Amino acid sequence: MTAGIFLIIRCSFIFEYAPITLNFILILGGLTAIFGSTIACCQNDIKRIIAFSTTSQLGYMFFACGLSGYPIALFHLLNHGFFKALLFLCAGTVIFLMSHEQDIRKYGRLIVISPFIYSAFLIGNFALMGFPFLSGFYSKEVIIEAAFVTYNINSYFIYWVSTIAATLTAWYSMRSVFLGFLSHGNWEKVSIQNIPFLKESFIFSIWVLILGSCLAGFIYFPLLIGMGSSFLIESIYISTSNLMIDFEYLSIFIKNMPLIGSFLGGCAAFSFNFFLFFKLNQISIYQIKSQYIYILFSECIYYSLQIRTFLSQKWYLDFLGINYFGFFFLKHGYETYYKLLDKGFLEIFFFNGFSLTILRLSTKILLQHNGFLYSLFCLNLLCFLFFCFLLFLF
């Protein structure tokens, strides 16, 4: 998927003369960002959370290209590589520590077992959330600001969509940190009885990614998207009508809205999961005195479970794709290509027809080779006459 982003960046000289395609890329990227972030909020597999987070961040890069912000998309692509590699490396370590268990609901209190992995995982999630002065803060905020300074109805829509996606990013990031490292332990003793020691090469790799997650944005910012930078001048073409030079004139509220959303999303996720795992089990249904509060509480739980089911099933896109597209093509592929074409036309006219005719004819010709001179002479004469007939026809 990242190769597709890089391909769009390198083909900027084509897309700059196709404004309808750029608008399509803009809308598709914004929907991808909100799609990936909503699904990641309701996943329990630690690798799936990070994978759908990647989908969301690729949506950011995609709509940055739709805004003609190709250097910004490349900037976020490079920054994203550091903290997402850090998150995947920490997730693999946690899975190995927990005897190949990937469900974060079965983790908890891993900060006691491996505080170093907890620190690295927290830094990676902070960079993903766009925490100030980490690498994700520089590129992610610039992408969202670029949506606002483009001055068209699509970019305004994408600005608010990306702000909501940033809030949801903070939600699932803090949720994975809380469930995996801070909540009460749900693991069995057999899961952690053999705690491996981390090798020096592995610790060195994590330190490299931590430094990249902290410093990549500060280093790449003046090089890739700084005013007057000529680093990408020969590689990317941007039309003069699509140049964005109004970043410095945005209001403080517009600039800080994604940061405020990330802060509120992170605090809400931490508070909600803390209440869910430490306080909700202490509340009995019989302690709810008022009937109206009981009904409201029950309805909130019911609809929240419905929404959670919808999001955890990935908007039912897999269900629709398999039942209404996958089975359709499989059925018609079997009925048309296999039964009608492969076992029908080709079987009858070629295998049982043409090929068997050639086989029978070759068998009869083979029987004519009896070793007598007159038989060979007659056979050669027939072949010669057939060859002359073909020459006469063509």
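The values are calculated or read from the model by the stated rules, or taken from the named source; none is laboratory data. If you're wondering where the values come from, they're calculated on a predicted model, not measured in any experiment. Note that each Cβ is placed from the backbone with ideal geometry, even for glycine, and that neighbours are counted across all protein chains shown.
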Original post:
Residue check, Thr55 against (1) within 20 Å of Gly180 (Cβ to Cβ); (2) modelled with pLDDT of 85 or more, all met but one. Which one?
Top reply: (1)
Original post:
Do you know which of the residues in the range 24-45 that are of a type in the set (S, T, N, Q) and at pLDDT 85 or above is nearest to Tyr70 (Cα to Cα)?
Top reply: Thr32
**OP:** Only residues that are touching a residue at least 60 places away in the same chain (Cβ under 8 Å) and among the polar types (S, T, N, Q): list them for the range 201-218, please.
**Re:** Ser205, Ser213
**OP:** All but one of (1) buried (at least 24 other Cβ atoms within 10 Å of the Cβ); (2) free of Cβ contacts under 8 Å to residues at least 60 places away in the same chain; (3) among the aliphatic types (A, V, I, L, M) hold for Val112, so report the exception by its number.
**Re:** (1)
